2 protein chains.
Amino acid sequence: MKFNKKLENIQTYEAGKPIELVVREFGIETKDIVKLASNENPYGCSIKVQSAVSEIVSHMALYPDDSMTKLKNALTKKYDILDENLIIGSGSDQVIEFIMHAKASSNSKILINSVTFAMYEIYAKHVGAEVIRTKSQKHDLDEFYELYKQENPDIIFLCTPNNPTGDALNAAAMMEFLEKIDSDTLVVVDGAYMEYAAFKDETKAVSPKEIVAKFDNVIYLGTFSKAYGLGGMRVGYGISRANIIQELYKLRPPFNITTLSLEAASVALEDEEFVNNCISLNFKEMKRYEEFANAQNIAIIESYTNFVTLSLNEGQNSTKISDALLQKGMIVRNLAGYGMNALRVTVGTKEQNSRFFELVLELL
Amino acid sequence: MKFNKKLENIQTYEAGKPIELVVREFGIETKDIVKLASNENPYGCSIKVQSAVSEIVSHMALYPDDSMTKLKNALTKKYDILDENLIIGSGSDQVIEFIMHAKASSNSKILINSVTFAMYEIYAKHVGAEVIRTKSQKHDLDEFYELYKQENPDIIFLCTPNNPTGDALNAAAMMEFLEKIDSDTLVVVDGAYMEYAAFKDETKAVSPKEIVAKFDNVIYLGTFSKAYGLGGMRVGYGISRANIIQELYKLRPPFNITTLSLEAASVALEDEEFVNNCISLNFKEMKRYEEFANAQNIAIIESYTNFVTLSLNEGQNSTKISDALLQKGMIVRNLAGYGMNALRVTVGTKEQNSRFFELVLELL
């Protein structure tokens, strides 16, 4: 059987190892495994969310409310935007997928940062588009602008804070950059970790409302998978001008969010106190990583997220170290696949972080 | 902003009215609304599934096990197939989406039944493919073959039992038809309601295992949304030869099934007794629809599903009747959009069906 040619360039995506797989591969008991690989909220999700979901498990037979009214009301209130400015996806991933299929094709170029979220490239390949990368590891807006002028991309992705490095753009500088982009280039501002950045440093805080007010070619992405502690429930969103949202809506499969996910995300927005506590604890624990890195003479990129990137020294091999950690039940992300001799480690709970320091010290 | 041309032909999908919308529009209380519009299992889902999901609500923060080992093991055991023959989608809808993007393009033709599941056409439009329809309302395999020879489609969809009519193909006749199709045309056998058909009449029962053994160009689709009572959880699957599954996998977004959905579907397969009881009750209640239709001189298509299609007589307008029912809190599916003066009614519980008969009698 022949398939579309563009499939030839697509590798099947391999997700980070889930706890279940480590249990099976290494025979380590679930309770002894620490997963600091996927930037999940180590404090879980709000107990209010858990109760609300438990209360409606008998509704699992009913198709989701495809108008998503409850969740849309909660999100439009949070961001002070209109319904017409919002689209909800199965993770912000799915909004990226809609964007790619709506705007790009095999004739398109997509401009992204040298090291950034892997799904931009994966979805670009789905439509056969060419991916242009910056050279700079950090988002360098001058380099982005130069490449934009040179390559005329259909879509530019800015990931702030950036995954997997943790650095974040200055919001004002980014807004200035956006002013210079012509209105037929779609700019995606991916704020998956924005709650963390805004907490740590308000100069990093991007306002989706301001983006909608100022630009007719920019879309902001957010997610419930990180600070809101709902990585397992697959809910993300895009915020943009109505005409852009309308086009993306055409590509949205009906019932793309489960009944329980809609409830979980809606209730999560009612418990911002939980989220703020988690973020506060996150940065308290992050200090320990900074101290650890200093003590070990390991470079650490200043992080505005719930993870840290440890750039290892010569003689320290990120693949060897992450493999050795895995065999001890400690799952972190090896960044060798991104061309970096580095480990990305989710800032976990106090106990999880202590365990990481203990185990990694034996391997450095 | 300019978008891809193919979007011009896509209408935004409007799902059937959920209960929430009727509550808002007509001010009817939730408890007074009966929804027989989306072919959900009126008996809900197994209590074992509800308990299992409740027990893991604290896991919502963790990304789903993307290897889906537990659910895959349960499904490969049920169907006596290998892992490599299985792909799991966010509803079987998503598998249809993968198929369309893998095999079809703007140069493709897609052959479907005159009246059938709406998503085939919607996803065909996503890739700009042309949709060819039979004339016959029932699946007529001779007409399918004739159009296949004439049009040379890339994909053929057979929906058995068919939605929204409820009739089903003879499985042996379908297997003979499949023998005649060349190996570069992909045939999709959509068995979303197969559990019902197989229960009622074993000559309708299609065996996914046999399909995989015999054909290198056929994919079988199944779902947890109907008999298994998990419409809100978005889990479906495709079963085919490994080389086809591999190509579809390239288009699968990571984490396409939520943590709670994976658990729900896995446990649902452990309680086949619940499913069989529901199906048995379904056909007992369906007899009442047949009696009702006979008494009212309304034509009813013999159904192998959990819904019935009532073909109304002249002077009975399906749009008027379904609108009037809606205002009384009874949601059914008007088939006017399919060019039929007919109502599709999910066979509900005894009480729900009695209520339908009572209300519709006032309107005929």
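The table that follows gives values for the structure above.
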{"item": "Of B:Leu147, B:Asn317, B:Leu364, farthest towards positive along the dipole that unit charges on Lys, Arg, Asp, Glu beta carbons give the protein assembly as shown", "result": "B:Leu147"}
{"item": "Rounded to whole Hz, the Karplus (6.51, -1.76, 1.60) HN-Hα couplings of segment A:85-91, x for glycine and proline", "result": "9, 10, 10, 10, x, 6, x"}
{"item": "Local electrostatic count at B:Gly348 - Lys and Arg +1, Asp and Glu -1, tallied over other residues with Cβ under 10 Å", "result": "0"}
{"item": "Expected 222 nm ellipticity per residue - DSSP helices of 4 or more, -39500 (n - 2.57), all of chain A, to 500", "result": "-12000 deg cm²/dmol"}
{"item": "Segment B:47-271 shape via C-alpha gyration tensor axes, a/c threshold 1.5", "result": "prolate"}
{"item": "³J(HN,Hα) computed for each position of segment B:229-246 - Karplus, 6.51 cos²θ - 1.76 cosθ + 1.60, integer Hz, glycine/proline x", "result": "x, 10, x, x, 9, 6, 9, x, 7, x, 10, 6, 4, 4, 5, 6, 4, 4"}
{"item": "Percent RCO, i.e. relative contact order, over segment B:82-213, from Cα pairs under 8 Å lying at least 6 residues apart", "result": "22 percent"}
{"item": "Lys/Arg +1, Asp/Glu -1 at C-beta; chain B dipole; positive extreme among B:Gly166, B:Asn297, B:Asn107", "result": "B:Asn107"}
{"item": "For chain A, built as a Gaussian network whose Cα springs stay under 10 Å, the top-fluctuating residue of A:Phe177, A:Phe26, A:Phe274", "result": "A:Phe26"}
{"item": "Top positive-direction residue, dipole computed over segment B:47-271 with Cβ charges, set B:Ile96, B:Ser261, B:Val127", "result": "B:Ser261"}
{"item": "DSSP bridge pairs, the protein assembly as shown: antiparallel proportion in percent, nearest 5", "result": "50 percent"}
{"item": "For segment A:1-119: relative contact order, % (alpha-carbon pairs under 8 angstrom, 6 or more apart)", "result": "10 percent"}
{"item": "Segment B:308-326-segment A:263-324 distance, computed between alpha-carbon centres (Å)", "result": "60 Å"}
{"item": "Within-11-Å neighbourhood charge of B:Lys226 [Cβ basis; K, R +1; D, E -1]", "result": "-2"}
{"item": "Neighbourhood charge, 12 Å Cβ-Cβ cut-off, centred on A:Tyr338 and excluding it, Lys, Arg +1 and Asp, Glu -1", "result": "+2"}
{"item": "Per-residue HN-Hα couplings for segment A:149-161 [Karplus 6.51, -1.76, 1.60; θ = phi - 60°; Hz; x = Gly/Pro]", "result": "5, 6, 9, 6, x, 7, 9, 10, 9, 10, 10, 9, x"}
{"item": "Cross-link pairs A:Lys328/B:Lys72; A:Lys109/A:Lys204; A:Lys77/A:Lys103; B:Lys287/B:Lys320; A:Lys2/B:Lys200; A:Lys48/A:Lys77 - those with Cα-Cα distance over 30 Å", "result": "A:Lys2/B:Lys200"}
{"item": "Shielding of B:65-78 by partner chains, average beta-carbon count, 10 Å", "result": "2"}
{"item": "Dipole in debye (nearest 20) - chain A, about Cα centre, beta carbon charges: Lys, Arg +1; Asp, Glu -1", "result": "600 debye"}
{"item": "Binned Cα-Cα distances of segment A:178-336, short to long, each 10 Å bin given as a whole percent", "result": "9, 27, 31, 24, 9, 0"}
{"item": "Sorted largest first, extent of segment B:160-272 alpha carbons per principal axis (Å)", "result": "42, 36, 25"}
{"item": "Amide H within-cut-off set for B:Ala205, under 5 Å, with H built and near neighbours excluded", "result": "B:Ala171"}
{"item": "Alpha-carbon radius of gyration plus Dmax, which is the widest Cα pair, for segment B:74-160 in Å", "result": "14.3, 41"}
{"item": "For segment B:47-271: relative contact order, % (alpha-carbon pairs under 8 angstrom, 6 or more apart)", "result": "30 percent"}
{"item": "Dimensions in Å of segment B:210-284 - Rg and Dmax from alpha carbons", "result": "14.7, 43"}
{"item": "Inter-copy separations for A:Thr203, label at 7 Å along Cα-Cβ, nm, ascending", "result": "7.9"}
{"item": "For A:Glu272, inter-copy label distances in nm, listed shortest first [label point 7 Å out on the Cα-Cβ vector]", "result": "5.2"}
{"item": "For segment A:123-171 and segment A:1-67, distance of Cα centres in Å", "result": "27 Å"}
{"item": "Under 5 Å, built H, 5+ apart or other chain: amide partners of A:Phe117", "result": "A:Asn163"}
{"item": "Charge dipole (debye, nearest 20) of the protein assembly as shown; +1 at Cβ of Lys and Arg, -1 at Cβ of Asp and Glu", "result": "120 debye"}
{"item": "Among A:Gln150, A:Gln296, A:Gln352, residue whose mean-square fluctuation peaks in a GNM of chain A (springs only between Cα atoms under 10 Å)", "result": "A:Gln150"}
{"item": "Cα-centre dipole for segment A:1-143 with unit charges at Cβ (Lys and Arg positive, Asp and Glu negative), debye to 20", "result": "220 debye"}
{"item": "Inter-chain Cβ neighbour average for residues B:338-346, partner chain, 10 Å", "result": "0"}
{"item": "Calculated diffusion of the protein assembly as shown, Stokes-Einstein form, Kirkwood radius summed over Cα pairs, 37 °C and 0.692 mPa s, µm²/s", "result": "122 µm²/s"}
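All of the numbers you see were taken from the coordinates with simple rules; none came from a lab. Given the structure is predicted, the values throughout are model-derived calculations rather than measurements. Glycine gets a Cβ as well: all are built from the backbone with ideal geometry, and neighbour counts include every protein chain shown.
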